[in-house]
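The values are calculated or read from the model by the stated rules, or taken from the named source; none is laboratory data. These figures come from a predicted structure and were not determined experimentally. So basically every Cβ, Gly included, is an ideal-geometry build from the backbone, and we count neighbours across all protein chains shown. Protein only, heavy atoms only, side chains kept; ligands, DNA and RNA dropped before computing areas. Shrake-Rupley method; radii C 1.70, N 1.55, O 1.52, S 1.80 Å.
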Amino acid sequence: QAQLVESGGGLVQPGGSLRLSCTASRSIFSGARLGWYRQAPGKQREFVTFIRSGGATNYTDSVKGRFTVSRDNAKNTVYLQMNDLKPEDTAVYYCNSVLGVRVYWGQGTQVTVSS
């Protein structure tokens, strides 16, 4: 059964850090492009970052220099390290796996940045 399970969300003050994790079934992890997206209340889901199987990464401009994506192939897990968090980072964060034309999504984890 192909699935992605996110964890690590929570409430953090502005300037704080969080690390999100997303563990995938092996069948949708190996060779996949793994990404993070987010959806704020009343807004469309937006791209945050991805990491290819070979390690190449891409980030949306608003998180460059603050967020870092990584993957642990031995644990079938992709991480999103988020530093210097801002209130505008508040959203539900989703991970996804892209294998050719197949796309899989996790259930999301809430990140709230507030004082």
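Couple of notes before you dig in:
- Convex hull (Cα only) mean projected area of the stretch 1-62, reported in nm² to one decimal: 5.6 nm²
- Those lysines that a straight Cα-Cα span of less than 24 Å connects to Lys64, excepting residues fewer than 8 apart in one chain: Lys43, Lys86
- Sites matching trypsin sites (Lys or Arg not before Pro) across the stretch 3-48 that sit in DSSP coil, with at most 13 neighbouring C-beta atoms within 10 Å: Lys43
- Solvent-accessible area per residue for the stretch 65-115 (1.4 angstrom probe, square angstrom): 47 Å²
- The stretch 1-90, accessible surface, carbon-and-sulfur percent (1.4 angstrom probe): 44 percent
- Note on the stretch 11-115: with charges restricted to the Cβ of Lys and Arg (+1) and Asp and Glu (-1), its dipole about the Cα centre is near 320 debye.
- Range of Cα positions in the chain per principal axis (Å), largest first: 40, 26, 22
- In terms of accessible area, using a 1.4 Å probe and ignoring ligands and nucleic acids, Val69, Val92 rank largest first as Val92, Val69.
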